[in-house]
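A.B. asks: Sharing a structure here in structure tokens format.
The values are calculated or read from the model by the stated rules, or taken from the named source; none is laboratory data. Please read all numbers here as calculations on a predicted model, not as lab measurements. Cβ placement follows ideal geometry from the backbone for every residue including glycine, while neighbour counts extend to all protein chains displayed.
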Amino acid sequence: MLGFFLGGFMRLQQLCIRHFRNIIKADLTGLADFNFIHGLNGSGKTSALEALHTLSVSHSFRSRKIKSVITEDQDALLVRGALSPNNQAVENGEDWLAVQRSRSRGTLVKYRQERLASVGDMAGLLPVQLINPDSFALIEGSPSVRRQFLDWSVFHVKHLDFYMFWQRYRKALQQRNSLLRRGKIDKALLAAWDNEIAVVGEKIALQRQQQFNDLAVRFESVYSRLGGIEPSEKDYPAFNMRFNAGWDNSQISLLDSLASSFEGDLRQGFTRHGPHRADIDFRVNGRPAAELLSRGQIKTVVCALKIAQSQLLEAAGVTGIMLIDDLPAELDANRRAALFAELRNMQSQVYATSIESSELDSSWCGGKTLKRFHVERGSFF
């Protein structure tokens, strides 16, 4: 599994979309560093970003229910992309990644004309970052959203180690919770699962903490530049974040935490401490950030987090694509320009949408290449 993890600077040269929502057929060629897609609401611009997301992880960011994504009266959708390592030319179709999702036949993924045994084998081929209205959940949503955000970064840097640790942890956690729900405890079996949870859980927490520390340093710098003013100024309050491992790991080991919380876990029927309860705490002046920040400020924070995360990946020799849906929303012209100043300094290929072409300024691209697409009723021009 995961045998196709490539790393390096991957980009798309071509994208083919078939029967994806209202996009019956689209062939986007000559893809650039920055790709701007504009069109009216419902025209298909967000569907194009969904297709890119599907090419990366086999599902849309709007719905995992494939029946709602496949064009009506069609059995299957297809997304194909020509991957170019280090911007080299793609020849003879050898570097095509293809994802087919069918109502009746399930999922088929191929890379370099070879069928992948599982969707998991796609991991690392084309990492994708997404900034869209749902990204506000990174600040306002549940802890699981923030864990997923951090784990995405850890996975693409540590990769196999983190993936294997997490698989082991999840299995052990399921077994321990099963024992707790059963009520009749086999102490030897409980001790075995506690030990497994503790061993791999400590490793997961350490990798997360290390990645978080690096992320926090980069975030602070990016956040300040995106704001365009000093964070201490009154209308743009200082922003702090702290990693919570899921137990008080500064005072107690995970094994001891499991032992001390056992009676409560038994009453509740589940394990209350461990990496599965980890979170990132975002605060402004000691209060939850979601309670104080405006929508524009939250979007600026989210953009800074995503860019900082992408910078970490690039430092590890990994890059992918950045999807930005409805770029102008909640960001004024100055912050949009500041965002693209950050993106210009990165290797990530960018796909951004807006209603009006004028809302995507060519000057933001600097010396990077630019391709514009206008979309109407699922057709691209």
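A.B. asks: Condition (residue is in a loop (DSSP other than H, G, I, E, B), surrounded by fewer than 18 Cβ atoms within 10 Å (Cβ to Cβ), hydrophobic (A, V, I, L, M, F, W, C) and out of contact with any Leu (no Cβ under 8 Å at 6 or more places or on another chain)) applied to segment 217-236: is it met by at least one residue?
C.D. replies: Among the residues of segment 217-236, at least one is in a loop (DSSP other than H, G, I, E, B), surrounded by fewer than 18 Cβ atoms within 10 Å (Cβ to Cβ), hydrophobic (A, V, I, L, M, F, W, C) and out of contact with any Leu (no Cβ under 8 Å at 6 or more places or on another chain), which makes the answer yes.
A.B. asks: Moving on to the next point. So, in segment 263-301, exactly how many residues are among the hydrophobic types (A, V, I, L, M, F, W, C) and either more than 19 Å from Ser142 (Cβ to Cβ) or assigned to a helix (DSSP H, G or I) (or both)?
C.D. replies: The total comes to 7.
A.B. asks: Can you go through Asp151, Asp161, Asp121 and tell me which one is touching a Gly at 6+ places or on another chain (Cβ under 7 Å), assigned to a helix (DSSP H, G or I) and either surrounded by 14 or more Cβ atoms within 10 Å (Cβ to Cβ) or of a type in the set (Val, Ile, Thr) (or both)?
C.D. replies: Asp121
A.B. asks: Name the residue, out of Ala333, Ala316, Ala304, that is among the hydrophobic types (A, V, I, L, M, F, W, C), within 12 Å of Ile131 (Cβ to Cβ) and either outside the structural domain of Val222 (by TED's automatic domain parsing) or touching a residue at least 24 places away in the same chain (Cβ under 8 Å) (or both).
C.D. replies: Ala304
A.B. asks: Is there a residue in segment 266-287 that is farther than 27 Å from Trp166 by Cβ and among the hydrophobic types (A, V, I, L, M, F, W, C)?
C.D. replies: The answer is yes; a qualifying residue exists.
A.B. asks: OK, next. As an exercise: evaluate Glu114 against (1) of a type in the set (Asp, Glu); (2) modelled with pLDDT of 90 or more; (3) surrounded by 15 or more Cβ atoms within 10 Å (Cβ to Cβ) and give the number of the one condition it does not meet.
C.D. replies: Result: Glu114 fails condition (3) only.
A.B. asks: Could I ask something else about it? Cβ-Cβ under 6 Å, sequence separation 6+ or interchain: first residue in segment 362-373 and assigned by TED's automatic domain parsing to the domain that holds Glu342, partner surrounded by 14 or more Cβ atoms within 10 Å (Cβ to Cβ) and of a type in the set (Lys, Arg). Which pairs?
C.D. replies: Gly366/Arg344; Lys368/Arg344
A.B. asks: So for segment 272-282 (the condition being assigned by TED's automatic domain parsing to the domain that holds Phe165 and aliphatic (A, V, I, L, M)), does at least one residue qualify?
C.D. replies: yes
A.B. asks: Looking at Ser43 and the list (1) part of a loop (DSSP other than H, G, I, E, B); (2) in contact with a helix residue (DSSP H, G or I) (Cβ under 7 Å, 6 or more places away or on another chain); (3) over 29 Å from Arg208 (Cβ atoms); (4) among the small types (Gly, Ala, Ser), which single condition is not satisfied?
C.D. replies: Among (1) part of a loop (DSSP other than H, G, I, E, B); (2) in contact with a helix residue (DSSP H, G or I) (Cβ under 7 Å, 6 or more places away or on another chain); (3) over 29 Å from Arg208 (Cβ atoms); (4) among the small types (Gly, Ala, Ser), Ser43 violates only (2).
A.B. asks: Say whether the condition of being closer than 20 Å to Ser348 by Cβ and at pLDDT below 95 is met by at least one residue in segment 14-28.
C.D. replies: no
A.B. asks: Would you mention how many residues in segment 46-88 are in contact with an Asp or Glu (Cβ under 8 Å, 6 or more places away or on another chain) and of a type in the set (Gly, Ala, Ser)?
C.D. replies: Result for segment 46-88: 3.
A.B. asks: Then there is this: Quick one: in segment 317-338, of everything that is charged (D, E, K, R) and at pLDDT below 95, which residue is surrounded by the most Cβ atoms within 10 Å (Cβ to Cβ)?
C.D. replies: Only one residue fits best here, namely Arg336.
A.B. asks: Could you tell me whether Glu314 is in a helix (DSSP H, G or I), surrounded by fewer than 15 Cβ atoms within 10 Å (Cβ to Cβ) and out of contact with any Phe, Trp or Tyr (no Cβ under 6 Å at 6 or more places or on another chain)?
C.D. replies: no
A.B. asks: Continuing with the same structure: Quick check on segment 339-354. Is at least one of its residues buried (at least 22 other Cβ atoms within 10 Å of the Cβ), closer than 21 Å to Ala51 by Cα and of a type in the set (A, V, I, L, M, F, W, C)?
C.D. replies: Within segment 339-354, one or more residues are buried (at least 22 other Cβ atoms within 10 Å of the Cβ), closer than 21 Å to Ala51 by Cα and of a type in the set (A, V, I, L, M, F, W, C).
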